[in-house]
């Protein structure tokens, strides 16, 4: 294939796969094609102009190529197939943690994946717990419980919240749900559960 034919083929693939929601190509392949065109044109800016997208968008399409091989495999088989999820995952600096997170967000939608990653980063909690928390909030009806705590109990709750790096409301929910589950296991009447 001539260089001009390859250039036109790459431009066609990239144009058709960056201008619509239903991409045919995975993001690693797109990144590889962008790299070929950057090598040909000499800059991301020129590639962006040729395809009609921003230079920042070109930069984002190159990020999958910088991911560890394990994550690139998820991207190639489209188990992780959203650029926003990949960008959020890319902000995790610990490579082993990044891989662990990727293993837990395959086939999840962008918002769910982003919520899990952000919870892990903000609260420094284990991946599995973050995933369970995010998924449990998505799958349940919200019920509000107001609890009047004495000062000592509230102080203890604030202390534990800081100690475990979990917001007081979430910690209260975890404690209450765990206590109810324990109560049920210990032979509570089924008429209440």
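Scanning the range 45-94 for residues that are assigned to a loop (DSSP other than H, G, I, E, B) and under 15 Å from residue 26 (Cβ atoms) turns up 67, 77, 78, 79, 80, 81, 82.
Among residues belonging to the range 140-193 that are at pLDDT below 80 and touching a helix residue (DSSP H, G or I) at 6+ places or on another chain (Cβ under 8 Å), point out the one that is farthest from residue 125 (Cα to Cα). This residue is 193.
If a residue must be assigned to a loop (DSSP other than H, G, I, E, B) and under 17 Å from residue 79 (Cβ atoms), how many such residues does the range 99-140 contain?
Initially, the range 99-140 is screened for residues assigned to a loop (DSSP other than H, G, I, E, B), giving 106-109, 124-126, 139-140.
This time we only want the ones that are under 17 Å from residue 79 (Cβ atoms), so: 106-109.
The qualifying residues number 4.
Among the listed residues 130, 48, which satisfies the condition of being out of contact with any strand residue (DSSP E or B) (no Cβ under 8 Å at 6 or more places or on another chain) and farther than 27 Å from residue 174 by Cα? Criteria check complete, one pass: 48.
The one condition from (1) within 13 Å of the chain's Cα centre (by Cα); (2) in the same structural domain as residue 46 (by TED's automatic domain parsing) that residue 62 does not meet is (1).
Taken residue by residue, the range 44-52 has no member that is within 28 Å of residue 106 (Cα to Cα) and not assigned by TED's automatic domain parsing to the domain that holds residue 93.
The values are calculated or read from the model by the stated rules, or taken from the named source; none is laboratory data. Everything quoted here is computed from the prediction, not taken from an experiment. Every residue, glycine as well, gets a Cβ built from its backbone with ideal geometry; the counts of neighbours run over all protein chains shown.
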